[in-house]
Amino acid sequence: MAQRIGRYTLQMTNRPTIEGFASVVGKKEMQGPLSSFFDLSFEDTTLGESSWEKAESRLQTEAVNLALRKAGVTAQDIDYIFAGDLLNQCLSSTFGLRSLDIPFLGQFGACSTMAQTLALASIVVESGAARKAAAVTSSHFCSAERQFRLPLEYGGQRTPTAQWTATASGSVIVGTSGKGPFVADVTVGRIVDLGIKDAANMGAAMAPAAAQTISDFLQDTGTMPKDYDLILTGDLGLIGTKLVRQILADNNLDITDVHNDCGMMLYDREKQDVHAGGSGCGCSASVLCSVILRRLQSRELNNVLFIATGALTSTTSQQQGESVPGVAHLVHLTSA
């Protein structure tokens, strides 16, 4: 059973196993520096479907089915699936996964959803409530732009702080057997709101939450940044990466030597027009479920903190002049 360490962290006594994982991406993501690590890519942004929203559902369908095959199991072996996305009422997850007939628990954590779903899947397996559980999330550039910003046809100018919503999905199968990677600890983040209202500057909105969760975990576990091979934040991009490092440095925690960010890894900012980097649920999901978990499998990495970050905003809150609160959840992954 999980044991509470400190105030915010759950230590997994039995260390649930990541038995299978998969990443599915679009054309732009496949043109980036991580192309050799993805399991499947599509050239057409509609993925052969009749709308961008249906295309996003297809991303989740493909990611989960690939993860199941790589784990050597079927949908009938999965007790729960935790899934979410950026669209209203998480409908990409609903329609993408309805045919699998797995008990479904929809999640919304914005871009933190991969860490949230993986954390919950790990907790239910650790507790014995599930033998195997799945975690999945997705995003799609076109469906997100249509919901949150302006029609693509409008051709609106993007500010330098804006990030590119990834067309991607990642899925993980969590169980109790196999050679790893393993989930060692989980820290569920708190909502942090510094009053930022610029919806085109998500990195600044999310960085304080990432810093808070990292600090909470390190304090709970009595560890330091140097104890980890990699501290990987999700989707802070260029602006948020600088901010999270500065916030932690101001609190005597220097993560610079071991830190990277999924929003900085997914694209080549010099060659691809993504402004401040990548974002969207699928950004951190596809990076985790490709290069990071593969390197943990091969033991190129042994001790990784994965902190996916989310901007808890919507068109409704934006129209009412609300700020953009952030949240970040942490999953500690090990190779042994």
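The values are calculated or read from the model by the stated rules, or taken from the named source; none is laboratory data. Please read all numbers here as calculations on a predicted model, not as lab measurements. No Cβ is skipped: glycine too gets one built from the backbone with ideal geometry, and neighbour counts run over all protein chains shown. The accessibility values were calculated without ligands, DNA or RNA, using every heavy atom of the protein model including side chains. Shrake-Rupley method; radii C 1.70, N 1.55, O 1.52, S 1.80 Å.
Below are the figures for this structure:
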read-out: Residues of region 237-252 classified as open to solvent by less than 60 Å² (accessible area, probe 1.4 Å) and either of a type in the set (Ser, Thr, Tyr) or in contact (Cβ under 8 Å) with a residue 24 or more places away in the chain (or both), total; value: 8
read-out: Options GLY106, GLY72, GLY128, GLY96: the member that is surrounded by 21 or more Cβ atoms within 10 Å (Cβ to Cβ) and either over 23 Å from ALA210 (Cβ atoms) or of a type in the set (Gly, Ala, Ser) (or both); value: GLY96
read-out: From the options ARG58, ARG69, residue that is within 20 Å of the chain's Cα centre (by Cα) and either within 20 Å of VAL274 (Cα to Cα) or charged (D, E, K, R) (or both); value: ARG58
read-out: Residues that are in contact (Cβ under 8 Å) with a residue 60 or more places away in the chain and polar (S, T, N, Q), drawn from region 253-293; value: GLN272, SER279, SER284, SER286, SER290
read-out: Filtered residues of region 161-179 (kept if at pLDDT 95 or above and open to solvent by less than 10 Å² (accessible area, probe 1.4 Å)); value: ALA168, SER169, GLY170, SER171, VAL172, ILE173, VAL174, GLY175
read-out: Some residue of region 26-36 being in contact with a Leu (Cβ under 8 Å, 6 or more places away or on another chain), polar (S, T, N, Q) and under 21 Å from LEU266 (Cα atoms); value: no
read-out: Restricting region 131-147 to residues that are outside any strand (DSSP E or B) and open to solvent by less than 10 Å² (accessible area, probe 1.4 Å), the residue that is modelled with the highest pLDDT; value: HIS140
read-out: Unique match (being of a type in the set (Val, Ile, Thr), farther than 30 Å from SER314 by Cβ and open to solvent by less than 10 Å² (accessible area, probe 1.4 Å)) among ILE231, ILE255; value: ILE255
read-out: Pick from region 258-287, criterion open to solvent by 10 Å² or more (accessible area, probe 1.4 Å) and among the hydrophobic types (A, V, I, L, M, F, W, C), ranking: farthest from GLN116 (Cα to Cα); value: VAL258
read-out: Matching residues in region 288-310 - criterion: being open to solvent by 10 Å² or more (accessible area, probe 1.4 Å) and either touching a Pro at 6+ places or on another chain (Cβ under 6 Å) or of a type outside the set (S, T, N, Q) (or both); value: ARG294, ARG295, ARG299, GLU300, LEU301
read-out: Test: residue in region 185-193 that is open to solvent by less than 10 Å² (accessible area, probe 1.4 Å) and at pLDDT below 95; value: no
read-out: Positions within region 108-140 being polar (S, T, N, Q) and in contact with a Cys (Cβ under 7 Å, 6 or more places away or on another chain), in sequence order; value: THR113, THR137, SER138, SER139
read-out: Considering residues of region 75-89 that are at pLDDT below 95 and surrounded by fewer than 18 Cβ atoms within 10 Å (Cβ to Cβ) only, the residue farthest from GLY178 (Cα to Cα); value: ASN88
